[in-house]
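Read through the structure below, which is laid out as structure tokens, and then see the notes.
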Amino acid sequence: MRAFARLEATNMHKATEFRLEAHPLLPEPLERLEELANDLFYSWDHGVRSLFVRIDLPLWQKVEHNPKLFLRRVAQDRLDEASEDRAFLAEYRRVLSSYDAYLEAGPGPEVTEKLDPEQALVAYFCAEFGFHESFPIYSGGLGILAGDHCKAASDLALPFVAVGLLYRQGYFIQSIDAHGQQIARYQSHSSDELPISPVEIDGKWLKVSVPFPGRDVVARVWEARVGHIRLYLLDSNTEENGPEDRDLTLQLYGGDESTRISQEMLLGIGGTRVVEALNLKPTVWHINEGHAAFQILERCRHTMVSGLSFEAALEAVAGATLFTTHTPVPAGHDIFPRSLVHHALGRYIEESALDFDQVFALGSKDGGDSFNMTSLGLRGSRFHNGVSRIHGGVASLMEGDIWPQVPSAENPIGYITNGVHVPTFLAPEWSSLFDIQAPTWKSELRNPEFWKFIDQIPDYHYWSVHKALKQQMGEYIVQRLKRQHKRNGTGHSVTDRMTRQLVSSEKDTLVIGFARRFATYKRATLIFSDLERLESILTDPDRPVVLVFAGKA
């Protein structure tokens, strides 16, 4: 077997532990598989992922669709066979040609008519990014939206960088016990398994520091490639920090409010320092939810160096800042007590020649004694949006105290309805159908007139694709339930009774699904609000129905 060996040493309790791991070598014809595995382009391109599937499907499933981990564990003989397989090589070259063409394409007129790609730059800050299950630094919809936002920016070849945190354990992994209770489990991920690489300047790993009470917290910086754009991630797990500070980037939304405000200082202040260290000059700063709003303070500090007052600096900063709020309930916004803000930010504020009362006023809601990160984001920006028409109205009411002299219906919170990244979420079967019926559809996503062609496609084409995908979904749910009940020692009869309508019914089954986080405002139990009507639906012998609930609590 041709392979290279990796030797790692760790020191635990004064004993040195060595771990030897043998990796396969990529045959020369397949050398660019590594490049594909290190670009999150794979997260939305079915062609790239299909290459790994063709090499070793069972392994691809075992590594949970992680290309980097796949290349570390695949057998050398499978790679050698693929390198000599004419059909595989033809598909491999086709995928590479498509990938290269994608990277070579510049911004289209929809971009260049609105900005100069050589002068403009968007810096997008968010606490989580959801690109793919192999890169678990997200928890829910906020992260998925951020990931889709980055993918769409890449598709448009926008001048765009993103900034976030690298969590070693990400968000928890869920399992359900025999009593239906959620069990949360955390799993650490090695940087070798993730599509990231260190950011270096003059041959040295880029690190930034943020003033904390009594010490500086250092973060090293990683880069993830996302097609045309780059994502920079701060990681506090570095030798300069003590154990507690190293764990600041251990888990997403982990720890108490002291951990949360520390993470948000690292993201907002440290993230801004990363942008400066890379000599990037954003013309637009987009704060996606309040977690990153401390960037406003750091940018004010930087602007005041030229002699501006705090008020003038804030106005300059706000004029280049967009703030998006997502959560329609007060409990979803980070609110910190005055004492904690003073403790966490006191040294930073003093060293930055800022005034604590002025800073605190930016986050104060109704003049109270707590600090609201959403209020800071709104006061430190001049462009604000909710994420749907209804939510825009809700947000205007919730945040009306920011503009007390303006009726809530007239205040400046607008809305931009959330969308999805089509290549990520459209099943390959639908893509194939559209490829046949309208080959140019991918370049016409923003053209409503073009999509009238849909009416010309015979209904049976839609129905056949829908039925096939529904069957796949049913089989997947059955597989997951069987695995869950086997783990919990539940008999097959229970699983069979739960799933028989999904896969074995001769009649077409209506599937009603709720697949979201079980946050109260998402209303998982809404379907039970009219029990009589629900009973009539569920007991109709001619129209079988299955209810599917999935999501983390």
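The values are calculated or read from the model by the stated rules, or taken from the named source; none is laboratory data. Bear in mind the structure is a predicted one, so any value in this text is a computation, not a measurement. Neighbour counts are summed over all protein chains in view; Cβ atoms, including those assigned to glycine, are modelled from backbone coordinates with ideal geometry.
Within the stretch 154-198, take every residue that is assigned to a helix (DSSP H, G or I) and touching a residue at least 60 places away in the same chain (Cβ under 8 Å) and give me the one that is nearest to residue 126 (Cα to Cα).
The qualifying residue nearest to residue 126 (Cα to Cα) is 154.
Taking the stated definitions as given, is residue 283 outside the structural domain of residue 523 (by TED's automatic domain parsing), surrounded by fewer than 18 Cβ atoms within 10 Å (Cβ to Cβ) and in contact (Cβ under 8 Å) with a residue 60 or more places away in the chain?
Judged against the criteria, residue 283 is a match.
What pairs come out if I take residues in the stretch 305-320 that are closer than 14 Å to residue 355 by Cβ and pair them with residues that are among the aliphatic types (A, V, I, L, M) and surrounded by 14 or more Cβ atoms within 10 Å (Cβ to Cβ) whose C-beta lies under 6 Å away, six or more apart or interchain?
313/304
Could you look through the stretch 327-348, keep only residues that are outside any helix (DSSP H, G or I) and in contact with a helix residue (DSSP H, G or I) (Cβ under 6 Å, 6 or more places away or on another chain), and pick out the one that is nearest to residue 272 (Cα to Cα)?
Among those residues, the one meeting the criterion is 334.
For the condition at pLDDT 95 or above, out of contact with any Phe, Trp or Tyr (no Cβ under 7 Å at 6 or more places or on another chain), within 24 Å of residue 231 (Cβ to Cβ) and not assigned by TED's automatic domain parsing to the domain that holds residue 131, what is the one hit in 40, 51, 33?
Numbers: 40 fails: out of contact with any Phe, Trp or Tyr (no Cβ under 7 Å at 6 or more places or on another chain); 51 fails: out of contact with any Phe, Trp or Tyr (no Cβ under 7 Å at 6 or more places or on another chain).
One residue alone meets the criteria, 33.
Quick one: in the stretch 115-136, of everything that is part of a loop (DSSP other than H, G, I, E, B), aliphatic (A, V, I, L, M) and at pLDDT 95 or above, which residue is surrounded by the fewest Cβ atoms within 10 Å (Cβ to Cβ)?
The selected residue is 120.
Within the stretch 394-413, identify whether any single residue is free of Cβ contacts under 8 Å to residues at least 12 places away in the same chain and closer than 28 Å to residue 143 by Cβ, and answer yes or no. Break it down into steps so the answer makes sense when it comes.
Taking the stretch 394-413 and keeping what is free of Cβ contacts under 8 Å to residues at least 12 places away in the same chain, we get 397, 400, 403-407, 410.
Checking which are closer than 28 Å to residue 143 by Cβ leaves us with 397.
Looking through the stretch 394-413, at least one residue is free of Cβ contacts under 8 Å to residues at least 12 places away in the same chain and closer than 28 Å to residue 143 by Cβ.
Which one of these does residue 163 not meet: (1) in contact with a helix residue (DSSP H, G or I) (Cβ under 7 Å, 6 or more places away or on another chain); (2) surrounded by fewer than 21 Cβ atoms within 10 Å (Cβ to Cβ)?
(2)
Restricting attention to helices (runs of 4 or more DSSP H) lying wholly within the stretch 349-449, give those where 2 or more residues are over 25 Å from residue 267 (Cα atoms).
Values: elements: 356-363, 373-379, 389-398, 422-425, 428-437.
The helices (runs of 4 or more DSSP H) meeting that bar are 389-398, 422-425, 428-437.
Out of the stretch 506-553, which residues are assigned to a loop (DSSP other than H, G, I, E, B) and more than 37 Å from the chain's Cα centre (by Cα)?
506, 507, 539, 540, 541, 542, 543
Looking at the stretch 517-549 only, could you name the residues that are at pLDDT below 90, touching a Lys or Arg at 6+ places or on another chain (Cβ under 9 Å) and within 25 Å of residue 177 (Cα to Cα)?
Answer for the stretch 517-549, where residues must be at pLDDT below 90, touching a Lys or Arg at 6+ places or on another chain (Cβ under 9 Å) and within 25 Å of residue 177 (Cα to Cα): 517, 518, 522.
Restricting attention to the stretch 365-401, report how many residues are buried (at least 20 other Cβ atoms within 10 Å of the Cβ) and over 29 Å from the mean Cα position of the chain (by Cα).
So the count comes out to 0.
Residues in the stretch 81-114 that are of a type outside the set (Phe, Trp, Tyr) and in contact (Cβ under 8 Å) with a residue 60 or more places away in the chain: how many?
Going through the stretch 81-114 one residue at a time, the tally reaches 4.
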